[in-house]
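Just below is one structure, and these are the notes that go with it.
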Amino acid sequence: MVERSASSADVSKYKEYLAGLIAGVATVIIGHPFDTVKVKLQKHNTEVHGVKYRNGLHCAARILQNEGVRGLYRGATSSFIGMGFESSLLFGIYSQTKQSLQGKLQSSGPDSLVIIPSAAYSGAIISFVLCPTELVKCRMQIQGTDSLIPKGSTYTGPVDCALKTIRTDGVTGIFRGGMATFLRESVGNAVFFSVYENVRHSMHLKLKDCSGEYKGLAEIGVGIISGGLGGVAFWSAVLPLDMAKTMIQTNPDPNYSRNPFQVLKLVYKQAGLRGCYAGLGPTIARAFPANAAAIVTWEFAMKILGIRHE
C-alpha cells in the first residue's frame, strides 16, 4: 500500500510538469505576435539610428504590410521549445515547492511565506532555460521589417542563429543577458503568483455558493481574471529589466555591458524613463490574454490529469 502511494505521488509530479508544458504552448500561440512587436519597439525606439515607431499598432501594421502574419511569429520556433520547457518547469517546480512549504505552515488562505519563495525559486531555475532560447528569439525577431542588421549578418533560422552565436561568442555567448533574465524571472514570478493566488482565493470565496450548473464557467472566469491580472502585474513590475535583457542580447558588440542596471542607465540617458518602458503597450496587451490562457489551460490540464489544485 505504501509503495502504491509513493508511485502515485511520483506520477502526479510528472503530470504537473505535463500540465505546465501544455500551458506554455497556449501562451506562445496567443502571446508571440505581441512579443514580436514589444521586442521591435525596445530595439528600435532606444537606438540612435533606424525607424522609430509611433506605437505598437504602427509597428504591427508595418510588420503585417511587409511580411504578413508570418512576420509576427518570427522566432516562434525557439519560443515553442523554450516556453514549453520553461512552463513545464515553472509550474511543476512551483507546485512541488509550494506543497513542500505548506506542509510546514498552517494557513487557511494564500500565504506569502509560501508563495513568494516558491515562485522566486521556480523563476530563478527557469531563467537558465529561458536565457538561450530568448536570445535566439530576440535576434530572430529584430530581423525583417525595418531591421537594423546588415543583410549579410542575418540568420536563416533559430538553429543557424544559435550556431553562429556560439561560433562568434563561444558557449557563454548563448547565455548573454543571463543576469537580467534571472532577475526578471525570479522577481516577476514572485509578483505573478502572489497576485494570481490572492485573486483566485478571493474570487472563489465570493463564488462558493455558485450553482453546479454554472460552476464550470465560473472556474474559467476565475482563471481568466486571476491569470490575466497576474500577467499584467508581472510585466508592470519587470519591464525595465526585460528592456535591458533585449538590449544586451541583441547588441552585436561583444564588449557591450551585460550589467542590466548599467544598460538601463544608458537607455535612460538616451531615451528617458519612456525608453525604459519601451514596448509597454503591446506587453500589457499581450500579458492579460496570454497569461489568462496559460492559467486556464494549466488548471484545465490538471483537472483532466486528475491533479487537485490547492
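The values are calculated or read from the model by the stated rules, or taken from the named source; none is laboratory data. Bear in mind that the values here come from a model prediction, so they are computed numbers and not experimental data. Every residue, glycine among them, receives a Cβ derived from its backbone with ideal geometry; neighbour counts consider all protein chains shown. What goes into the accessible areas is simple: the full protein's heavy atoms, side chains included, and nothing from ligands, DNA or RNA. Shrake-Rupley method; radii C 1.70, N 1.55, O 1.52, S 1.80 Å.
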Hey, Ala244 outside any loop (DSSP other than H, G, I, E, B), surrounded by fewer than 21 Cβ atoms within 10 Å (Cβ to Cβ) and among the hydrophobic types (A, V, I, L, M, F, W, C) or not: no
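Look through Ser257, Ser236 and report the one residue that is within 24 Å of Ala124 (Cβ to Cβ), surrounded by fewer than 24 Cβ atoms within 10 Å (Cβ to Cβ) and free of Cβ contacts under 8 Å to residues at least 12 places away in the same chain. It would help to see each step written out before you state the result.
Details: Ser236 fails: free of Cβ contacts under 8 Å to residues at least 12 places away in the same chain.
None of the others qualify; the one that does is Ser257.
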Any pair with Cβ under 6 angstrom, 6 or more apart, that starts in the stretch 28-52 at a residue that is at pLDDT below 80 and ends at one that is among the hydroxyl-bearing types (Ser, Thr, Tyr) and buried (at least 24 other Cβ atoms within 10 Å of the Cβ): Val39/Thr246; Gln42/Thr246
In the stretch 73-97, the residues that are buried (at least 21 other Cβ atoms within 10 Å of the Cβ), hydrophobic (A, V, I, L, M, F, W, C) and at pLDDT below 85: Ala76, Met83
Gly228 vs. criteria at pLDDT 95 or above, within 23 Å of Ala294 (Cβ to Cβ) and part of a helix (DSSP H, G or I): yes
Hits in the stretch 171-195 (condition: free of Cβ contacts under 8 Å to residues at least 40 places away in the same chain, surrounded by fewer than 20 Cβ atoms within 10 Å (Cβ to Cβ) and closer than 18 Å to Pro110 by Cβ): none
Selection status of Gly109, open to solvent by less than 30 Å² (accessible area, probe 1.4 Å), in a loop (DSSP other than H, G, I, E, B) and touching a residue at least 24 places away in the same chain (Cβ under 8 Å): yes
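Please go through the stretch 1-27 and give me each residue that is of a type in the set (Ser, Thr, Tyr) and either modelled with pLDDT under 70 or buried (at least 21 other Cβ atoms within 10 Å of the Cβ) (or both), ordered by number.
Ser5, Ser7, Ser8, Ser12, Thr27
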Residues within the stretch 251-296 that are among the polar types (S, T, N, Q), more than 15 Å from the chain's Cα centre (by Cα) and either closer than 25 Å to Gly231 by Cα or assigned to a helix (DSSP H, G or I) (or both), tallied: 2
Number of the condition not met by Ile116 [criteria: (1) at pLDDT below 90; (2) open to solvent by 40 Å² or more (accessible area, probe 1.4 Å); (3) touching a helix residue (DSSP H, G or I) at 6+ places or on another chain (Cβ under 9 Å)]: (1)
